[in-house]
Amino acid sequence: MLDAGQCQYEAWWGRTGAEPATTGLHLGPSCRVGPVELGLNIDRLSAQGAHSVIAGPQLKWNFFGPAADAPLSAALSLGAVFDLTRGGRAGGQFVLPVTWRPAGSLQIHANLGADWATGTGARTPRGGLAAEWALDDKLSLIAERSRASGVWTSRVGGRFSLTPLISLDVSASRTGPQGVRGFVVGLNHEFSWK
């Protein structure tokens, strides 16, 4: 979560599979308002020549261990999504992320939750486990295993801090029993709104 009085925007582009590839473009501005972080997610997805745009609000609340160096922290993330391409069909997400910091440079992240598909409202469970190791204040390595929409994904990547407030994320993944490969490149920029 962001610190009080801080905002950020994140943007990423990803590609999965061989031709015709599935691609995604994401923009997510958010700001800390009191004890919660309020955001808006906008995504454009393309698969086999079909495109869709989904958007919706997101709320995050760190209800346990909010300090940046807390040894154990837990939060709640709620989001709604609307398929703007197909008449505003609604879906959503509920996630409970927990982080344990066994050492100053090592964090273990776990999350449990559920997704509701736009249109059908079909609910699928989600969950994951990740390890994040900060080599120094400029580079962190991340490895993750997660399940969403009924499919397992393994991901490895890195976060490169270009400045204290701007970072670049790069990751590669393998998804499903066929091991479909993908990659994502993202940019995060944090700034003060006060």
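For segment 166-179: of the residues being in contact with a Ser or Thr (Cβ under 9 Å, 6 or more places away or on another chain) and not small (Gly, Ala, Ser), which is surrounded by the most Cβ atoms within 10 Å (Cβ to Cβ)?
If we take residues in segment 166-179 being in contact with a Ser or Thr (Cβ under 9 Å, 6 or more places away or on another chain) and not small (Gly, Ala, Ser), then Thr175 is surrounded by the most Cβ atoms within 10 Å (Cβ to Cβ).
Being modelled with pLDDT under 95 and closer than 24 Å to Leu2 by Cβ is true for just one of Gly104, Gly87, Gly121, Gly91. Which residue is that?
Going through Gly104, Gly87, Gly121, Gly91 in turn, the sole match is Gly104.
Scan segment 148-162 and report the pairs whose first residue is within 28 Å of Asp137 (Cα to Cα) and whose second residue is β-branched (Val, Ile, Thr) and at pLDDT below 95, with Cβ atoms within less than 6 Å and a gap of 6+ or a chain change.
So the pair list comes out as Thr153/Thr175.
Could you list, in sequence order, all residues of segment 26-38 that are free of Cβ contacts under 8 Å to residues at least 40 places away in the same chain and either under 17 Å from Pro66 (Cβ atoms) or of a type in the set (Phe, Trp, Tyr) (or both)?
Across segment 26-38, the qualifying residues are Ser30, Arg32, Val33, Gly34, Pro35, Val36, Glu37, Leu38.
Results for (1) in contact with a Ser or Thr (Cβ under 8 Å, 6 or more places away or on another chain); (2) surrounded by 15 or more Cβ atoms within 10 Å (Cβ to Cβ), shown as yes or no for each residue.
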residue	(1), (2)
Gly56	no, yes
Asn62	yes, yes
Gly65	yes, yes
Ser77	no, yes
Gly91	yes, yes
Gly104	no, no
Thr118	no, yes
Arg126	yes, yes
Leu141	no, no
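What's the total number of residues in segment 145-158 that are more than 25 Å from Ser52 (Cα to Cα) and either surrounded by fewer than 13 Cβ atoms within 10 Å (Cβ to Cβ) or in contact with a Leu (Cβ under 7 Å, 6 or more places away or on another chain) (or both)?
Number satisfying all stated conditions: 2.
At pLDDT 95 or above and either part of a strand (DSSP E or B) or more than 14 Å from the chain's Cα centre (by Cα) (or both): does that describe Ala110?
Here the answer is yes, as Ala110 does meet what is asked.
Between Arg126, Arg181, Arg101, which is under 17 Å from the mean Cα position of the chain (by Cα) and part of a strand (DSSP E or B)?
Every option except Arg126 fails the conditions.
Before we move on, is Arg15 closer than 26 Å to Phe183 by Cβ and in contact (Cβ under 8 Å) with a residue 40 or more places away in the chain?
Here the answer is yes, as Arg15 does meet what is asked.
Just checking: which of the strands (runs of 3 or more DSSP E) contained wholly in segment 1-84 hold 3 or more residues that are touching a helix residue (DSSP H, G or I) at 6+ places or on another chain (Cβ under 7 Å)?
Passing ranges, in order: 50-64.
How about segment 96-144: which of its residues are in contact with an Asp or Glu (Cβ under 7 Å, 6 or more places away or on another chain), closer than 30 Å to Val53 by Cβ and among the small types (Gly, Ala, Ser)?
Gly119, Gly128, Ala130
The values are calculated or read from the model by the stated rules, or taken from the named source; none is laboratory data. If you're wondering where the values come from, they're calculated on a predicted model, not measured in any experiment. Quick reminder, even Gly has a Cβ in these numbers, built from the backbone with ideal geometry, and neighbours come from all protein chains shown.
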